[in-house]
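Please treat every number below as a calculation from the coordinates, not as lab data. Computed from a predicted model, the values in this text were never measured in an experiment. Quick reminder, even Gly has a Cβ in these numbers, built from the backbone with ideal geometry, and neighbours come from all protein chains shown.
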Amino acid sequence: MEATFSILIGLFFAVSVYLVMSRQIVRILLGIGILGNAVNLLIFTSGRLTREVPPVIPPEAVTPLEATANPLPQALILTAIVISFSFFAFLLVLAFRAYQELGTDDANEMRVAEPVGDAAPPQGY
Amino acid sequence: MATPATGVDLARAIVIDPTLPADWLVVAPSILTILGGAICLMARKNTEAQPRVAILFLTLLVLACGGLFVHVLDKGVVNMVMGRWLPPFGIAFTADITGAALALTASIVALAAGIYGAVDIDTSGRRYGFYPFLLLLMTGVCGAFLTGDIFNLYVWFEVLLISSFGMLVLGNEKEQLDGAVKYAVLNIIATTLFLISTGLLYGLFGTLNMADIAIKTRESGLTGPLASIAVLYLLAFGMKAAAFPVNFWLPASYHTPRIVVSAVFAGLLTKVGVYALLRIFILLMPQARIALTDVIALVAIATMITGIFGALAQTDIRRLFGYLVISGIGSMLAGLAIGTTAAVAGTIFYAIHSVIVMTALYMAAGIMHSMGGSYSLRKLGGLYGASPAFAAVFLVLAFGVAGLPPFSGFWPKVILVDAALATGHGWLAGTILLTGLLTSIAVGRVWVFAFWRGGAEGTVDGGAVALPAADPVLTRAAVWLPLGVLLTLVVLLGVLPEPFFQISGRGASGLVDPLGYVRAVFGGSL
């Protein structure tokens, strides 16, 4: 089970790295979206997968009778999902505003902050 | 607390004793800033009240961090777990000397920026939320310095990151959007890498509590998975700290926002990355640091050299200072590469110095802009004639950042060079000294062109000085007061270094030998 998930996670990472290395901002954003999901799956698998054992304690016992599904990775992923979702939303707006202002979604052409052929500092006076 | 009928012994799961009032100081910085940020957010349209509320809460933050620092110096590491769950189950806030000292420095800088911002940030900037963002940024920064849980550290990184996005695009100008795209994308990838490493670390040890991890890595020794996780952490925090070759987001973005925002960023953000590197590689995984020494040393040398060469090639003083931030990070990484207690103390001292001096330099750049009407070395000139006192202030800051005695940059460099020579890292020592020399040239050139030269480029030497009418706003005390405080600290660190030696030395030995840290978290059980 973990092995299958590991391969799936590797696939997610491969796709996201490929997309993030693109020059188009939209593709980079898609890559970041997939990267976030790859990490969520990774944390989930890191917590080891336990199927079909709900953490229900019988009335006569005080602890679960057998090992139940690990709740901690689920809490971590919940946090990570919220964070990555809000960042993704911000990035989408930022990319759209940048496209409106700069007229391009090609990272190589975004040179307003660092202009090509910027004047060198003065050598003497 | 009454024991339930099931017969479960609660003392085995939660902290029974009530938390000491003084221990609440550990969470006070985060609570105060969130509260202040929320109030500022509610008063979004009341642009007059916002600075007052924010400055009040930032003053409280300085007091809380100061109190915490004194408490930690006095009592040793202070620990508090959320929800009273015993460690390693509850999220722990653990303040040691390193974290508390950096939190105090950061809070002073934030207060200075809050006061400076009252003049530098106009009404629309306030309406778009400069003050809420500043306070929430401080939530993230202080939380990161004080947390004892590695996933919680990730959350604080994200808090400070999203606040920094808001501050970066405050003016909505073309330049800012361009810089923000690069800053945002690269920083999100860096924090995601951090999350990946944390997920794997959890898979390896089944714990997120730093003290617990520190024990378990020392028991397990350096295994293959641990080494991979360490490399991932190095990449993630190297990106956050702006280490070569993953630092291109910094020069692309730091010169674009309002100058007070640049000042806060240059002072705080990269230093949080350095702090996290210290936590991970000195406290949590010392074996991995030993294995990676050569890599970290190479990264440190490359960061120093590329940083200072970048600074020498800049015309815009804001971009020049941005590259100085990078070369300073290189010096701090040198201490990490050496890894002895003395070297780590040098890194901590350097971080404190760098927080103060870089913020002050950017604030000075703002004043230069309002006096001379430009950030370009080609267009500035004659500022000495306009204000000899300010020329002297800038010279002190320039000496401070270059590491010339008797100012703040001198002592950390002395410690680092000494530690490098003592452990046979001659190359690191040489690079630190060379970087110091080149830094003096870079900032000396700023002083010569912007202050000493009679006027803008083309002015005949000794010719008439005709400065553009100085911005009357920037003659107000709200600009000079924060700069004066930071300047005093720069001089104080240089003239009276002894207490800072002790603080950074004690902080470093607390990181190198985790016994005190672990004991504070787990109580007497270890």
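Within a 10 angstrom radius of each residue's Cβ in A:96-105, how many Cβ atoms of other chains show up on average? Whole number is fine.
On the way: counts 1, 7, 10, 2, 2, 7, 5, 1, 0, 1.
Counting Cβ atoms of other protein chains within 10 Å of each residue's Cβ and averaging gives 4.
What's the center-to-center distance, using Cα atoms, between the stretch A:4-37 and the stretch A:77-125 in Å?
19
Going by average Cβ neighbours within 10 Å, how do the peptides B:35-47, B:94-106, A:54-66, B:175-187 rank, with the highest at the top?
Result, highest mean first: B:94-106, B:175-187, B:35-47, A:54-66.
Just to confirm the number: angle between the C-alpha axis of helix B:130-146 and the first principal axis of chain B, 0 to 90 degrees, nearest 10?
Approximately 40 degrees, to the nearest 10.
Enumerate by residue number the chymotrypsin sites (Phe, Trp or Tyr not before Pro) in the stretch B:383-451 meeting two conditions: DSSP loop (anything except H, G, I, E, B), and at most 12 other Cβ atoms within 10 Å of the site's Cβ.
Answer by residue number: there is no such site.
Placing unit charges on C-beta atoms (Lys and Arg positive, Asp and Glu negative, everything else neutral), compute the dipole magnitude of chain B about its Cα centre in debye, rounded to 20.
480
What size of dipole, in debye to the nearest 20, comes out for the stretch B:123-195 about its Cα centre when the only charges are +1 on Lys and Arg C-beta atoms and -1 on Asp and Glu C-beta atoms?
So the magnitude is around 200 debye.
What Kirkwood hydrodynamic radius, in Å, does the stretch B:292-512 give when the mean of 1/r is taken over all pairs of distinct Cα atoms and then inverted?
17.8
In square nanometres and to one decimal, what's the mean projected area of the convex hull around the Cα atoms of the protein assembly as shown? Mind showing how you got there, number by number?
Details: hull surface 117.8 nm².
Averaging across all directions leaves 29.5 nm² for the Cα convex hull.
Can you give the charge dipole size of the protein assembly as shown about its Cα centre, rounded to the nearest 20 debye, using +1 on the beta carbon of Lys and Arg and -1 on the beta carbon of Asp and Glu?
Around 580 debye, computed over the protein assembly as shown.
Please compute the average number of Cβ atoms from other chains found within 10 Å of each residue's Cβ in peptide B:187-193.
Mean shielding by partner chains, rounded to a whole number: 5.
Averaged over peptide A:37-47, how many Cβ atoms belonging to another chain are found within 10 Å of each residue's Cβ? Present the calculation step by step, with values, prior to reporting the outcome.
Details: counts 0, 2, 7, 2, 1, 7, 8, 1, 3, 9, 4.
Mean number of neighbouring Cβ atoms from other chains: 4.
In what sequence do B:His369, B:His255, B:His353 fall when counting other Cβ within 10 Å, fewest first?
Going from least to most buried by this count: B:His369, B:His255, B:His353.
Quick one: if you stick a label point 7 Å off each Cα along the C-beta vector at B:Ser220 and B:Phe89, how many nm between them?
2.2
Give the relative contact order (percent, whole number) for the stretch B:292-512; include only Cα pairs under 8 Å separated by 6+ residues.
Worked out over the stretch B:292-512, it gives 28 percent.
Could you tell me the distance between the Cα centroids of the stretch B:239-268 and the stretch B:370-409, to the nearest Å?
If you average the Cα positions of each part, the centres end up 21 Å apart.
What is the total of Lys pairs in the protein assembly as shown with C-alpha atoms under 24 Å apart, excluding same-chain pairs fewer than 8 positions apart?
Total qualifying Lys-Lys pairs in the protein assembly as shown comes to 7.
Give the distance, in whole Å, between the Cα centre of the stretch B:136-190 and the Cα centre of the stretch B:54-100.
22
What angle, in degrees between 0 and 90 and rounded to the nearest 10, separates the Cα long axis of helix B:28-42 from the longest principal axis of the Cα atoms of chain B?
Between the helix axis and the principal axis of chain B, the angle is about 60 degrees.
Any idea what angle helix B:410-422 forms with the longest principal axis of chain B, computed on alpha-carbon atoms, 0 to 90 degrees, nearest 10?
Here the helix axis deviates by roughly 60 degrees.
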